[in-house]
Every structure is written in structure tokens, then in C-alpha cells.
Amino acid sequence: MQEIKEPYNSDTALRESEAKFRQLTGLMPMAIFSTDKNGLITFYNEKAVELWGRRPRLNDPTETRYCGSWKLYKTDGTPLPHDLCPMSSAIKGKKSFRNEEIIMEKPDGTRIYARVNIDPVYSADGEVTGAINVFEDVTEAKRINEGVYRLAAIVESSEDAIISKNLDGIITSWNMGAQKMFGYLPEEAIGKHITLLIPPLLRDEETSIIKKIRSGQKVEHFDTIRMTKDGRSLNISLTVSPIRNEEGVIIGASKIARDITERVKLDNQLRLYNEKLKEMNTYKDEFMAMASHELKTPLTVIKANLQLLQIKLKENPHEEFVSKTMKQVNKLSNLISDLLDVSKIQTGNLQLNLTDFDLCALVTETIDNIQQTASSHKITIEGCTKDAQIKADRLRIEQVIVNVLTNAVKYSPQADKVIVKLSKDDKNVTVCVQDFGIGIPIEDVRKIFSRFYRVRGLASTFSGSGIGLYISNEIVKRHGGKMWVESTEDKGSAFYFSLAMTKSSSNHE
Ligand code: ADP
């Protein structure tokens, strides 16, 4: 037999075994590296290079020791010096590590969660000569896990009942909200049919819900009734969505139920209050109409008698009392007319008697009338040409002009003029009444056309009822026009209203 030389054979075998080992580690999906007992890196595979983001020099004392990673951290984010890392502890403490987690940072700053498994390597006489470390990147798995935990925590802490069931209607999960809402513990509900919660008369709902879910549809915000363990009925708002498996196949449904019993109670109460309010409003409108009528009739008689008395007492020194009384009676009569108008507007009984007339002529005429009693102010008119023909209720439009003109005089006691401007475009004629008085605070401008609204703090200086602008605005609106105001406090106000002309204008002014 030919003698085989021992040294030659063992060398070859060693080289072959090392080559096989390298080939094997190159194929491994895990990263692997080894160090000697001083932490000098003696070997690593390509996966380790990928996870470290660098290729450390082997057996080099100037390199990082115990691990080829650029930097290391504990899982709580605090830095972990290399000579305190698990690999170092394994060598120094002669112990193995299984599934230990640390954070590795690459030179480009990206970090990964690594799960490491380490075994010390011993010499024949039991001394530690180094260690082998097999590690993997578990960043993605951790992220998914955290997401799942977070979602589970959200579901668990939700006030809403979140329940899942399979397509046969069997309850498969039951959160704390469901427990609180329906009174069943998870072990009492899971495995039972969902009809546990559905009142007998509403069982058909489940069939139609499951039908929708099977076809991939969602059932959204559907108000219904469910039963609690102790037999109470709950008003709930239900949203049911299909649950799909990884292949996209529908395997069940998730239900989110919100207890709306309180809301339904409040809604019902509100509805009752609203009905009551409507009823009271009708009574109030009826009373206003009745009261205004009943006041107007005797007042008309008083007025007629006063007029007769005035004629009889002509040139008598006592006539002065009659005319003073007449003034007050007129005030009262105007207020009652306004109140009657309000009640007509409220009940939709404000009738319009439409005729064709020239707005410009009406404005001029009204100014002349007002000017006779308002000697403190000079009322001038600008832009008034003929041909502002409108079809409207002449008396009602006059009422609007009188209201804004008397307001302009009343609310500008320090001024001595009021300017009325008329302008036209293709379709509309606009009247603007500008005064130089107290103006309106910005926060009141928006509310000025509301019923009975008056700017606060005026009552002691200016008498009024807060009805005139409301009626004026309603009259203009009923004619299809619009009314608005521009005002600056302490500078003055400009009240506008515009109405459609019957003939379109050719020259704009
Ligand atoms: P009244 O003048 O009788 O109170 P109105 O409905 O005509 O009622 O006016 C409502 C409120 O609008 C008034 O109380 C006043 O506060 C404000 N107002 C109306 N016109 C003017 C104006 N030209 N300048 C300043 N404030 C005005």
C-alpha cells in the first residue's frame, strides 16, 4: 500500500474545509462574523458587510473590535461602546447569547435592529480563543410588530365597541368598548353568534349586512338598535367593513358600534322643543296681529277726533295741546303700523300692490316731504335723472326711503347734511343715503337688519324700536332687490338698496 503523507493530507483537508465553510457562509441569508479573544475581527461574510454598511480590515488592531458595525446602541437608543457589546461579554464572560437585540448604525447614519446569536469558541484545553456571531436584520419585523401592537392598543382602548365576526356570523374578537357597551366578557361573546346582540325583530338586518359584506361593500353609519346582556335596548350607529385575508379573500367583517342613545334622546327632546317653539311663535304672531289691530282702531278714532278738535280750536291758545297730543298719537300710530308689518312679514301676509313708476321722482318727492320736518339737515340729491322706471309697491318703497332718511337725520345729530345718490347700471337702480353721524360699530353691521335689533347703548340718546330696517330689508327682498350698509363708527353710514328697472338703461351713471 502506498503511504500517504500526513502533513500534506491534513493541509489539503483543512483548506478544502475552509473553502467549503466560506462557500456556505456566503450562501447563508444570515450575517456571520468571528473575532479572536481580543476582539480582532477574523472573518465575516457578505451579508455582514451589507448590514454593517462597511468592510472592516481583518486582524487589524486599529479597526473596531468585537463588531464590524460603525456604531452600536442599546434598544433604548443609548450608545453601546464596542467593548461592552454582547460579543465582548460572550468572550470575556465565557457565555452564549441567544436572540439578543441591539441597534447597529452604518457610516451613512442608517440604523437597523439586529438580533444576534453568539457562541464563544474554545481551544482544546478549554480556553476561549474568540467567538462566532450570527446576526440578522429584524427592523422590518419589529416595525410591523409595533404597528400591530399599536393598533391592538387603539382597538382595546376605544370607547366604541369594535367586534369582528366570520362570515357565518360567529364573533371572533371583542374589545373593551364592546364589553362596556353590551356587558358581555370576551369569553362570553367570542364563539357566539352575533344575533346575541340583535333584537329578534331586527334579525333580518344581519342577513342583509352579511350579503353586502360578502360582495365586498361597507355598511356605513347605519343607526339601529342592539341589546345589552341585561336586556336594555341601545341606540347605536353601526359601521361594518369586510375583513380580507392576505390573498384578498373576504373572511369576515369588523363592526364598529357607537352608543348614540343619549344623542337620540337629545334629538327627540330638541324636536319636541322645536315643535313647541313653533306653536308658541304662531300664538305670538296671532297675538301681535290681534293686538296691533285692536290698538289701531281706537287710535284711528282718537286721531280723527283730534283733527276735528284742531279745526274747531283754530287760533285758540289751547290748540297747542291738541297738536302736541297729535304728534304723540302719530308716533304711536307709526309704531303700531310697524308692528302690524312685522306680523304680516312673519306670517307671509305682506301684500304688494305693484305699479310702474319712476323711482327718481319718488325719491325727490320723499326728500321734499322729510325736509319740511327736518330743518336741522340739508338733504341733497345727486345723480337723479329720469328713467329709473321700476315696477313696485310705491307706498312700500316710499316707506323704505322714509326709514333710511329719517334714520340718517336721527343718527347724525352733530352733522348738518345728508346726501342721497342714485346710480344705474344695465339692469338696476341703486339708492344710497349717506350721513355723517355716529356710524355703526363693525360687530353690529351684520345684525343691523335683524328684527328688533338696535346698537347697544343708544336707547338713552335715540328713541327707536329696531323694526324699521328689518321691515325695509324685507320689503326690498320681496321686490327681488337687495339692501346693505357701509359704515364707519364716528364717521357715518351709507345705506343702499337696489331694485331692478323695468327698462334697461343705455347710459350708466
Ligand atoms: P330704530 O332706529 O327705530 O331703532 P331701525 O330698524 O331703523 O330701528 O334701526 C336699527 C338700528 O340700526 C338702530 O337702532 C341704530 O342702532 C342703527 N342705525 C340705523 N340707521 C343708522 C344710521 N344711519 N346711523 C347709525 N346707526 C343706525
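Tabulated data for the structure shown
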quantity	calculated
Lysine pair count for region 60-120 [Cα-Cα under 22 Å; pairs on different chains or 8 or more apart]	6
Extreme residue, positive dipole direction of the chain, given options I190, W52, L354 (C-beta unit charges)	L354
Those aspartates and glutamates that a straight Cα-Cα span of less than 13 Å connects to K427, excepting residues fewer than 8 apart in one chain	D387, E509
Trypsin sites (Lys or Arg not before Pro) lying in DSSP loop within region 65-115, provided at most 16 other Cβ fall within 10 Å	K74, K94, K95
Global form of region 47-119, assessed from the alpha-carbon gyration tensor, a/c cut-off 1.5	oblate
Lys, Arg +1 and Asp, Glu -1 on Cβ, resulting dipole of region 263-331 about Cα centre, debye, nearest 20	220
Stokes-Einstein D for the chain, Kirkwood Rh over Cα pairs, 37 °C, 0.692 mPa s (µm²/s)	97
The chain - percent relative contact order, Cα under 8 Å, separation 6 or more	7
Alpha-carbon centroids, region 154-198 and region 395-421: separation in whole Å	71
Violating pairs (Cα-Cα greater than 19 angstrom) within the set K327/K417; K378/K424; K211/K255; K229/K265	K327/K417; K378/K424; K229/K265
Cα-centred dipole magnitude for region 345-402, charges only on beta-carbon of K, R (+1) and D, E (-1), debye, nearest 20	120
Charge tally in the Cβ shell below 14 Å around I154, where Lys, Arg are +1 and Asp, Glu are -1, I154 excluded	-3
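Coordinate-derived values only; no laboratory data. None of the values given here were measured: they were computed from a predicted structure. Cβ coordinates were reconstructed from backbone atoms using ideal geometry, including for glycine residues, and neighbour counts include every protein chain displayed.
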